Every structure is written in structure tokens, then in C-alpha cells.
Amino acid sequence: MPLVAAPLVVLLRSGRAGWLIAAGVSVASLAGALALAARVRAEGVLSYALGSWQPPYGIEYRIDAVNAFVLVLVGLVAAVVVPFGRPAVAAEVAAERRYLFYAMLCLALAGLNGIAITGDAFNLFVFLEISSLSSYVLIALGRDRRALVASFQYLIMGTIGATFIVIGVGLLYLQTGTLNMADIAARLEAPGAARATLAALAFLTVGICLKLALFPLHMWLPNAYTYAPSVVTAFLAATATKVSVYVLLRFWFTIFGANLVFERLPMPDIFLALSVLAMFVASGIAVYQRNLKRMLAYSSVGQIGYMTLGISLDNVPGLTGSVVHLFNHGVTKGAMFLFAGAIAMAAGTVDLDRLGGLAKRMPLTCAGLVIGGFSLIGVPATAGFVTKWYLVLAGLEKGSLLLAALPAASSLVAIAYVWRFVEAAYMREAHPDLAGVKEGFAAPLVGGWILIAICLYVGIDSTWTVEAARRAAAQLLFGAPQ
Amino acid sequence: MSLPGHFTYWITVFLMVAGLYIVIARGNLVKKLVGLSVFQTSVYLLYIGPGKLIGGTAPIIAPGYSVYSNPLPHVLILTAIVVGVATLALGLAIVVRIREAYGTIEEDEILRADAHAPQRGGA
Amino acid sequence: MSAGVAAALVLPAAGAGAILALGRWPNAREAATLATAGGLFAVVASLLPAVLAGARPELVVLEMLPGIPLAFRVEPLGMLFALVASGLWIVNSIYSIGYMRANGEAHQTRFYCFFALSLAATMGIAFAANLATLFLFYELLTLATYPLVTHHGTPEARAGGRVYLWILLGTSIMLLLLAVAVTWFQAGTLEFRAGGILGGRVGSAATGGLLALYVFGIGKAALMPVHRWLPAAMVAPTPVSALLHAVAVVKAGVFTVVKVIVYVFGVEATAGLRSVDWLPTVAGFTIVAASVVALAADNLKRRLAYSTVSQLAYVVLAASLLAPVSLVGAALHIAAHAVGKITLFFAAGAIYTAAHKTLVSELDGIGRRMPWTMAAFAVGALSMIGLPPTAGFVSKWFILSGAAATQHWVAVTVIAASTLLNAGYFLPVVYRAFFRAPPGGEHAHGEAPLPMVAALAITAALTVALFFHADVPLALARQLVAPH
């Protein structure tokens, strides 16, 4: 077990170092995550008592099929974005602040890993705040002054969300006298749904939904993603909301139990409605954005709707779709924001009206963005298709052709916004401002293409991701991977 | 449910709602942060309140004392206070920078300033 | 054997890479196109004897989703389709070289590159062993042809491209994907099997509904009301209209329909279900309605496009009759219509290149200046109408016998009526070209460049040859209905 915790300890201490350490740490974190995932597969649930205090008294780190999957995602995105993001950071962050930037990036990574790994409800809140606080700073480092306002908005919303989560955890603690997740779950089973439990569920759900930007609690996200430095956007978009989705899964399924959430409360209906709204309204808003980054941000809100839709359907294909979409969308969006960042650096703008004829100037970047867009649409042979396939199956398993048709229909909206970029970049007359623009730095390009390659690979051969996601779904639904 | 017996809860709830109201209703960014702090503080009370037992002592195992206050909430809330202070400090720091960039800390004025500002792309 | 299948898939894709690499040297680039096309045809043809002998070469690449492999399997219908598409690609490449150079088109490298990619996707469709693989290549084909449709980059091209993309992607995502998912959900497999995989698993009404999802989901088959993309796609350069919208793309659509009916629903399992009776009617309506629109269209390419819509519906009609004879006719018509229609498009492109004319009403007397072109056009028109000695007669004969055998008198009437309509919109063109006096004050022009004339002469000859020597396609089509 010390071996397991080692990468995390490194993470927590790597505050002052620069890019090299940050890059090293993120690669190490990927390696650690993969090792953990392999062990979870082989041995089942892993448990590590921090400071040797035995659970349920001490803080327990607990890894099963679900968070192993999330850890791999976070590690992977970090390992690609951080090492290859260096020129972008150099271009967008003032030199004297750069080491702080990397420190914050490490902290954010540590926080996200911590959220995923911990088995203690209060500890989860602490890690959540570590990652959130550092991401507020990261966003505020954006060059545009609107980044500051965006960061402030995010801080207010994020803190309210986090405080809601603490209230929920507090209520659970008052009721059960323990903070260990597994222990809470065991003790909650006995008395049934008391009022306080329901209140706790409500507070937690709203708090987490603020963090994961479920429509209509997404207001902070578009601004934050638009004005943050592009590396930060790529990293956060690919990980932060995904980890929040994981937290929701954890609380709903492991602690409260699907029985309480889905059968005694109208949660699935509410979530279904909100997810569908997210899928259509947020994607619809994305169609009308002129700013490429903002368009991608709204598309993220829409894609989060896919994940919550799968959760609300409450069956194995649905959850598989949700969990696998964490990965698929994380990889896709990470790549797309990297490319968008590359465009911002080279062309000085991400305004779609000014990107006419960009494909001639930056063919590789644009091609990458288009393939990423295919994945958002869900074209077969991309990662997005796998998700959609499972969501459609989940709808059919619910016995409703309409539910099955919804994810399909929303990808039509995705075509609309993806094609706005395609037409701008490939078919519009070259914009005079772009005359001298050339393919930018190699590093973000390579990083983005690595992610795109992964996205294509898991689209064609999805056995690994789907298998992992299916195990995770089974773990959530039945308590043990099957 | 006796009202005085649960007075800690009433205070908690009052502070919570008041804090949230300030966050939503005030346009001044510093006042927003104050509201946020009040909101967070109410949660501290929520945790600490039930931890106190009447007649309980500090949780040191010693002969002659059998009733202890629960120490765990205090520990947790110490952590939460640290988080809260960090949030407040960060928030204030951002407000200072906003003031430098915009010359105001009133939300509506900031929004207006951005609406009139020329489109500079989103780099 | 599976090496041959793999080669058929990889070769065009590799060719696309080579074209891209050789982009700076037009001659080398076009040599690469021709070499790839020739190579592909040789590879596909090398599979033919084995398939005729009853072998079914297979290739399983990997597991796409659990239980759903990315797999290929050559069966008679796919063999026929691949043969037609790859064979005509050679002719089309010759034609393209003439057309693109004579009209001074831009972005030629991109053009040839996506052309090769489209062919790769077409091969994938032809050889797909299950619905998921087919769906994958079906979508890839849409995306690979999109840059060809919008080749000019003008506002009209963009608008046309938008219609093209929305209808094709929209129907396939909304309906076809759903249909595939329902099939997987009910049957537990997506593999194409002789006799169908759905037999007995879904009720009669559900079968009808599912069939509707498939037929309208396969937008490439251009059954009304999802046919709009085809006229819209006519903004593309003519070689694209010729190969893709007379052969590869639209044939991929009807090919998929036939394949779904034969290998997913199963002919025996579905025949006699009242819930699928609507399909011949819809197909028949499309045949007649599209012919009427074609009758009124003055733009030659538009007229050809609506004629295509109508001819595609023949294939769907034939398949939906669910009689062995009519299925043979459906398979034959895929080949017959391909050679005939490509000839017509070649001729239209040649007229545009040599005389810069696009309207039927401008064609008075053009046959005197371009005798070869217009003679080929006449052959193609005869084939569309279904007169001997052209390929169209053979396939129509089988379809008609199928309709008579199943005593489907609506179908018989539709075929008869549409034959008249076809004559009504094609023969005036021929008549104008040869028997009307050319208007005065015209600039002198002769035939289009040699590669184009050669290409359309070859396809016209093929159209006639298929009438006299229909044995290979016929053998393949017969295998389709009498599987081993």
C-alpha cells in the first residue's frame, strides 16, 4: 500500500516546482493510476488507512472499479495536457507567475485525485476545496480581465456548492456518527429514509450539481472556460466536471443506495428532464456562439447532460454509457480545448467570424478539431459513438423508443455547432487578419493529437473502456463488479 | 420540538439563509464575500452544536470523567475554517485585481464595462 | 482470401495517402489515382472466382463493442456492388482527369484524395459482415463525400452541402442507429445471416415499424421524402455526381436496404406480413413522383438526379416484393443502373465542359457537334427506360416478373407507367440533340477532351455488353436468393 500512496504524496508536496516537476508528477500520476486500476481488476477493492488509523475512525482511501477508472482519466489528461501545454503557458501567463501556475496545477491535480481516491466524506470535501481553490486561481491567471470576473463567479458558485456538500455531509454525520462512506451506507440502511437523510441527499445533490454544472446550474462554466488560459481550460474541462460526476455517482449509489434515490424519490424524472434540457438547450446555445471556446464550453454543458441522462436511467447500459462518457468526453474535450488554445495563440482570436479559411493555415489543428467534433456528434469510429450506443440501448431497456431517440436527436444539434466551425475554417474566404498565421507550436499539437488518437482508438476498439465502465456500473448498481 | 432546546439549529438556519441572501442580493463583490463567509460560518455551527454534551468535558481519558464532548466535529471544523479563510482570502485577492482592472467592484458596473468593451476575442 | 478483403479496404485508403503525398506533381498524383483504381479492381476481381464457387472470405479485425466485432465477409451482393464500384472508379478516374483539367478546377489534390477515401468507405460497406460495421462505413462515406459535394466552396455549394449532410447524417443518426440498436436489443446479434436474424423475435407490427426505421434511416437510398439530398448534391463537380451519386453513395443506400431485407429481416420470415405491405406503395410512389419532377426539370443534372431517385426506388420496390425473382432483379438493377446512369452523367459533364450548357432547352442540335457524347447519352437513356439492347432491360424484366409472380398489380402498373415517364423525359433530350437545328450565333465547339469521351464510350459499351453478357452479375444475384 505505501507504494500505492506514493505518487499521491509526491503530488501533495510538489508545490514550488516548475513545469518539469508538474509534468513528471502528472506522468507519475498516470502510471500510479494505471497500476492501481490493474490491481483493482486483479484483487478487487483496495483499502488504505491513512496514518494507520483503522477505518471507520481514521481516514480511509478506498479504490474500486469506479474510482480507478476516474483516476486513470485524470492521470491521462494531466499527463498529456501538462507536458505538452508548456508553450501555451509561456504565451499566456506572465513569467514571474509561471511557477505559481504550475504549483496550482499540481494542487488541482492532487485535489482531483484525492476526491477520486478517498473513502471519507469529509475528506472528500477537503480535496474538493483544494482542487476548486487552485482552479479559481488558475482561471484568474487568464490574460483577459474578464477572467477575473469569471473566476470570481466560479468562486462564489463553487463555494456555495461546496458548502452545500458540507451541510449534507454534516447531516449524514449527525445521523450516523461516522464519516466513512461505506460505514455511512451500512448505517443508513437500517432506519430507512428519515427526514434528515432526505435533507442530506437534497443538499448533496444540489451542491454536487453546482460543481458538475448540470443545466441550469451551469452559469459559471462558460465564462470560466472561455477566459481561462487554454491549458487550464483543457485540463479542467476534461477532469473537473467529470470528477464531480463521479462524486455524484458515489453519493447516490454507494451511500444512499439506488433504492432510496430512484424508487422513493422523483430523482430520476427530475434528472431526466434536466439532462434532456441540458442536451438540447445548452447545445442549442452553443450553436449561436461566435467564440469557439465558448461554443465548446456550452457543448460541455450539453455533454454533461449525456452523463446525467445515463445516471437517471438507472440500468447497466445507462450507467456504462455515463461512466464511459466521462472518459470519452474528457479525452475529446481536452484535445479540442488544446487545439482551440493553439488557434488562440497563433491567430490571436477564437472568434469564428475571424477564422475564415483557417484550415489552409493550420491544417493539422483544424483536422484535429473536426475529428473531435465528430466525437461530440457521435460519428461511429470515434469515442462519442460508444457512449451514444449505450445510451440508446439504455433507453430501449427502459422500454421507451423516445428515450432511445433522445440522445440520437441531440447529436443533430451537435452537428449544427460543429459544422459552424467546419464551414468557417474550410469554406469561408481567408480572413485578411490570418495572412501570416502558421501552424503554431508543435507541443500542443502533439498533445492534442495524442488525445485524438486515443479518442479514435477507443471508438474503434472500445473493449477496454467499455469493460472498465461496465465493471464500474455493476459495482455501483450491485455493489460488486460482475 | 421545543424551540429553545433547538436554538442552535435556529441560529444556524438563520445565518445560513441570511448569508445566502446576501450573496445573491448584493451587487458589491466584497459584500458578496461577506455573505459567503456568514453562510460558511453557519455550517461550522451545524457541526459544533451537537458535539457539545451538557456536562461533558474535553475528551481526555482520565479517571472520574465518563462523559466527553465529541472531538471529531471540532477537528473537522478546524479544517473547514482553514478552507473558509483560504476561500475568503482568495476571493478578496481577486476583488483587488478586479478593482485594478475595472476601477470598480460593483457587479452591474463591471458587466456594463464588459458589454461596452470592444470584442477582443477570448484568448 | 482474407488478405484480399483486407487489401480491398486498405488499398484505396493508402491510395488517398499517396495522392496527398504526390499533391505537388499532378501527373504523378493522377497516376497514383489510376494505379489505385486499377489495383483495387484487380483485387476485387481476384475474389470473384472464389465467391462464385461458394466461398465467403472473412476478415475479423477486432472487437468494436463487446459482442460486436469489426468484421468483413464477402457475400454475392457485396461482391457485385464492389465489382461495379471499383470497376467504374477506373473509368471515372480517366474521366475526372479530363474534366478537372479542362475546367481548371481548384483543390484537385483534395478532390482525388477524398475520392479515394470514399471508395475505401464503399468497399467497407460492400464487405461489411454486420450492421455495426456497415453503419460505421456508411457514416464515413457521408463524411468523405461531403468535401467533394462542397468542392467549389461557393455559397450554393455550402447550402447544398448542408442539405446533403443534414439529411444523410440526420436520418442515419435518428433512425438507422435506432433501428440497429433495436435489432441488437431484440436479436442479440448484428451479423448478416442468410434467412435473417430477426425471424420470429419481433411481432408483425413491430417488424413493420422497424422496417420503416431502416428504410427511411438509410437516407442514401433516397426514398421519398428523404430524397432531397440527391438534387442538392448536384452542386458537386460532375465526376462526383457521376460516380458517387450514380454509383457509390446511392448504391450504398439501396445495397443496404436489400441487405437488411435479405439478411436481417429474412425474405421468408417477412413475406406475407401485412405490416410491411406499405413499402412497395411508398417505393412505387417515389418512382412515379420523381419521374414527374424529372419531366419538369430543365437543368440536365437535376433531371438526371430525379431520374436516379426514381431508379433507386425500383431497387427498393423489387426488394420489397420479397420474391426471389424480384430480388435477382434488384441486385441486377444495382449494376445496370450504375453503368447507365454514369454514362448519362458523363455526357452531361462533357456537354458542360465543351459547350458550357447545363439546361435541356439549350441542347438543340448538339448531337451534330458532339456525336459520340450524345450517342452514349442515347444508350444510357435507353437503359433507363428499360429497352433492349441495354442492361436496364434485363433487370427490369426480372423485377417485372417478380411483380407478376407475386401478383402485385400495383407494382406492375407503376413499372409500366414509369417506363412511359422515363421515355417522356429522356427521349426529348435525344430528339433535341439530333433532330433539331442548332440555334445560330453559337461559338464553335467539338467534343470534350479525349479522356472524357473515352470514358463515356466505355460505360456506354458496358451498358450494352451487360445486356448480352449478364452471366456474372446474374450468377451472383442468383446466389443471393439461393444461399448455400
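Is there a residue in the stretch C:253-262 that is buried (at least 19 other Cβ atoms within 10 Å of the Cβ), modelled with pLDDT under 85, touching a Lys or Arg at 6+ places or on another chain (Cβ under 9 Å) and over 17 Å from C:Pro147 (Cα atoms)? Within the stretch C:253-262 (the criterion being buried (at least 19 other Cβ atoms within 10 Å of the Cβ), modelled with pLDDT under 85, touching a Lys or Arg at 6+ places or on another chain (Cβ under 9 Å) and over 17 Å from C:Pro147 (Cα atoms)), the answer is no, since none of the residues qualifies.
Residues checked against (1) touching a helix residue (DSSP H, G or I) at 6+ places or on another chain (Cβ under 7 Å); (2) away from chain A (no Cβ under 14 Å); (3) modelled with pLDDT of 90 or more; (4) under 26 Å from A:Val379 (Cα atoms):
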site	(1), (2), (3), (4)
C:Pro57	yes, yes, no, no
C:Ala71	yes, no, no, yes
C:Ala82	yes, yes, yes, yes
C:Ile97	yes, yes, no, no
C:Met100	yes, yes, no, no
C:Arg110	yes, no, no, yes
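Contact map, the stretch B:74-98: first residue within 7 Å of chain A (Cβ to nearest Cβ), second residue of a type in the set (Ser, Thr, Tyr), Cβ cut-off under 7 Å, separation 6 or more or different chains; pairs are B:Leu76/B:Tyr47; B:Ala80/B:Tyr44; B:Thr87/A:Thr159; B:Leu90/A:Tyr136; B:Ile94/A:Ser151. Hey, among C:Ala159, C:Ala187, C:Ala221, C:Ala206, which residue is closer than 22 Å to A:Ile415 by Cβ and open to solvent by 10 Å² or more (accessible area, probe 1.4 Å)? Answer to the check: C:Ala159.
Where helices (runs of 4 or more DSSP H) fall wholly inside the stretch A:380-482, the ranges with 2 or more residues that are at pLDDT below 85 and within 11 Å of chain C (Cβ to nearest Cβ) are A:401-422, A:442-460, A:463-478. Pairs are defined by a Cβ separation below 8 Å, a sequence spacing of at least 6 or placement on different chains, a first member in the stretch A:317-334 that is in contact (Cβ under 8 Å) with a residue 60 or more places away in the chain, and a second member that is buried (at least 24 other Cβ atoms within 10 Å of the Cβ) and outside any helix (DSSP H, G or I); the pairs so defined are A:Val324/A:Ser462; A:Thr332/A:Thr382.
Among the candidates C:Phe127, C:Phe185, the residue that is within 11 Å of another protein chain (Cβ to nearest Cβ) and either of a type in the set (Phe, Trp, Tyr) or over 23 Å from the mean Cα position of the chain (by Cα) (or both) is uniquely C:Phe185.
Step by step: first the residues of the stretch C:45-96, then only those that are open to solvent by 30 Å² or more (accessible area, probe 1.4 Å) and β-branched (Val, Ile, Thr), then the one that is farthest from A:Tyr457 (Cα to Cα). Which residue is that? Only one residue fits best here, namely C:Ile94.
Looking only at residues in the stretch C:188-215 that are away from chain A (no Cβ under 12 Å), of a type outside the set (A, V, I, L, M, F, W, C) and part of a helix (DSSP H, G or I), the one that is nearest to C:Val250 (Cα to Cα) is C:Tyr214. Against the list (1) closer than 17 Å to C:Ala336 by Cα; (2) open to solvent by 30 Å² or more (accessible area, probe 1.4 Å); (3) not aromatic (Phe, Trp, Tyr), the condition C:Asn422 fails is (2). Being crowded, with 23+ Cβ neighbours inside 10 Å, at pLDDT below 85, within 14 Å of another protein chain (Cβ to nearest Cβ) and under 23 Å from A:Val245 (Cβ atoms) holds for only one residue in A:Leu204, A:Leu179, and it is A:Leu179.
Apart from one condition, A:Val261 fits all of (1) in a helix (DSSP H, G or I); (2) at pLDDT 80 or above; (3) more than 14 Å from chain B (Cβ to nearest Cβ); (4) buried (at least 20 other Cβ atoms within 10 Å of the Cβ); the exception is (2). Applying the criterion of being open to solvent by less than 30 Å² (accessible area, probe 1.4 Å) and over 18 Å from the mean Cα position of the chain (by Cα) to the residues of the stretch A:290-302, the residue that is farthest from the other protein chains (Cβ to nearest Cβ) is A:Leu292.
Remark: pairs (first residue in the stretch C:117-134, β-branched (Val, Ile, Thr); second residue open to solvent by 10 Å² or more (accessible area, probe 1.4 Å) and part of a helix (DSSP H, G or I); Cβ separation under 7 Å; 6+ apart in sequence or on different chains) = C:Ile125/C:Phe137. Listed by position, the helices (runs of 4 or more DSSP H) contained in the stretch A:136-252 that have at least 1 residues being among the charged types (D, E, K, R) are A:146-176, A:181-189, A:195-212, A:230-249. Candidates A:Gly373, A:Gly334: the one that is at pLDDT below 90, small (Gly, Ala, Ser) and outside the structural domain of A:Val89 (by TED's automatic domain parsing) is A:Gly334. Give the residue, chosen from C:Gly170, C:Gly161, that is assigned to a helix (DSSP H, G or I), touching a helix residue (DSSP H, G or I) at 6+ places or on another chain (Cβ under 6 Å) and at the interface with another protein chain (Cβ under 7 Å from one of its Cβ atoms). Answer to the check: C:Gly170.
When we screen C:Leu20, C:Leu62, C:Leu70, C:Leu34 for residues that are in contact (Cβ under 8 Å) with a residue 12 or more places away in the chain and within 27 Å of C:Lys259 (Cβ to Cβ), the only hit is C:Leu70.
Among the residues of the stretch A:338-365, those identified as away from chain B (no Cβ under 12 Å), surrounded by 24 or more Cβ atoms within 10 Å (Cβ to Cβ) and either part of a helix (DSSP H, G or I) or small (Gly, Ala, Ser) (or both) are A:Leu338, A:Phe339, A:Leu358, A:Thr365. For the stretch A:147-167, the set of residues classified as closer than 21 Å to B:Asp114 by Cβ and at the interface with chain B (Cβ under 7 Å from one of its Cβ atoms) consists of A:Leu148, A:Val149, A:Ser151, A:Phe152, A:Leu155, A:Ile156, listed by residue number. The set of residues in the stretch A:115-146 being at the interface with chain B (Cβ under 8 Å from one of its Cβ atoms), closer than 20 Å to A:Val74 by Cα and in contact with a Leu (Cβ under 7 Å, 6 or more places away or on another chain) consists of A:Leu133, A:Tyr136, A:Val137. For beta carbons closer than 6 Å, sequence separation of 6+ or different chains, a first residue in the stretch A:458-471 that is in contact (Cβ under 8 Å) with a residue 24 or more places away in the chain and a second that is part of a helix (DSSP H, G or I) and aromatic (Phe, Trp, Tyr), the qualifying pairs are A:Gly459/A:Phe385; A:Thr465/A:Phe327; A:Ala468/A:Phe69. Kindly establish whether C:Leu140 is part of a helix (DSSP H, G or I), open to solvent by 10 Å² or more (accessible area, probe 1.4 Å), at the interface with chain A (Cβ under 10 Å from one of its Cβ atoms) and closer than 20 Å to C:Phe255 by Cβ. Here the answer is yes, as C:Leu140 does meet what is asked.
The values are calculated or read from the model by the stated rules, or taken from the named source; none is laboratory data. Just so it is clear, the model here is predicted, and its values are computed rather than measured. All Cβ positions, glycine included, derive from the backbone under ideal geometry; neighbour counts span all protein chains shown. When the accessible area is computed, the model is the full protein with side chains, heavy atoms only, and any ligands, DNA or RNA have been set aside. Shrake-Rupley method; radii C 1.70, N 1.55, O 1.52, S 1.80 Å.
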